[in-house]
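The values are calculated or read from the model by the stated rules, or taken from the named source; none is laboratory data. In this text the structure is predicted, and so the values were computed from the model without any measurement. Positions of Cβ are backbone-derived with ideal geometry, glycine not excepted, and every protein chain shown enters the neighbour counts.
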């Protein structure tokens, strides 16, 4: 099998009804656009998500499946997928189907015309299809994050992103790191841009988060990332 240019990494936990539709949308969006693979990471689902994924492999040659033996969370699932990926660039999508795979070619086009120091293209949900309370909580959290981290990113919670695999693997790893990729990339000396993308209502399954648990972990995470930024140092080197 030839090495793909792009790996689409999708973390999932109890998303059995969303798996097949999203896989088929990804292939429809990318076949003929880029050489790609799809890496699903099952975070030890309690339903039959893993069985659905195994069955899909027979009809979708681009699909690979990584399984967590123990449940480890979304950030770990993303990192497991990136580590397993063979592409030099990674596109991520949430497994609930709210991100639109048709936006991946848009991110690829943005990368093609961008400066080489831009290593992350972050989706920006300009028309969110969530409940009013969830949109309000996200707006409040984004405002606090922007004030503390100054990452110039209007929507870090959007699951659809495109980034360089090597740059990602150099970032410090911690639980919930996926929410802070723009700030972490900037800390490493790279640039990031936000790209408006589509957002859709969840069609099946239930959200794995609520406003309270997001807020409780977010406070500690923000303080930790702010500390990392203060203590960070970028040193360019050259061979002589």
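Numbers at a glance
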| read-out | value |
| --- | --- |
| Which numbered condition residue 66 fails, given (1) surrounded by 19 or more Cβ atoms within 10 Å (Cβ to Cβ); (2) in contact with a helix residue (DSSP H, G or I) (Cβ under 6 Å, 6 or more places away or on another chain) | (1) |
| Of the criteria (1) free of Cβ contacts under 8 Å to residues at least 24 places away in the same chain; (2) within 13 Å of residue 64 (Cβ to Cβ), which one residue 23 fails | (1) |
| Segment 109-139: number of residues that are in contact with a helix residue (DSSP H, G or I) (Cβ under 9 Å, 6 or more places away or on another chain) and either in a helix (DSSP H, G or I) or at pLDDT 95 or above (or both) | 11 |
| Output for segment 157-178, where each listed residue is closer than 17 Å to residue 225 by Cβ, without any contact (Cβ under 8 Å) to a residue 60 or more places away in the chain and under 10 Å from the mean Cα position of the chain (by Cα) | 157 |
| Residue list for segment 34-57, filter: surrounded by fewer than 17 Cβ atoms within 10 Å (Cβ to Cβ) and under 20 Å from the mean Cα position of the chain (by Cα) | 35, 44 |
| Leading residue by the ranking (nearest to the chain's Cα centre (by Cα)) among those in segment 145-156 that are buried (at least 19 other Cβ atoms within 10 Å of the Cβ) and touching a residue at least 40 places away in the same chain (Cβ under 8 Å) | 153 |
| Output for segment 140-178, where each listed residue is under 25 Å from residue 105 (Cβ atoms) and part of a helix (DSSP H, G or I) | 165, 166, 167, 168, 169, 178 |
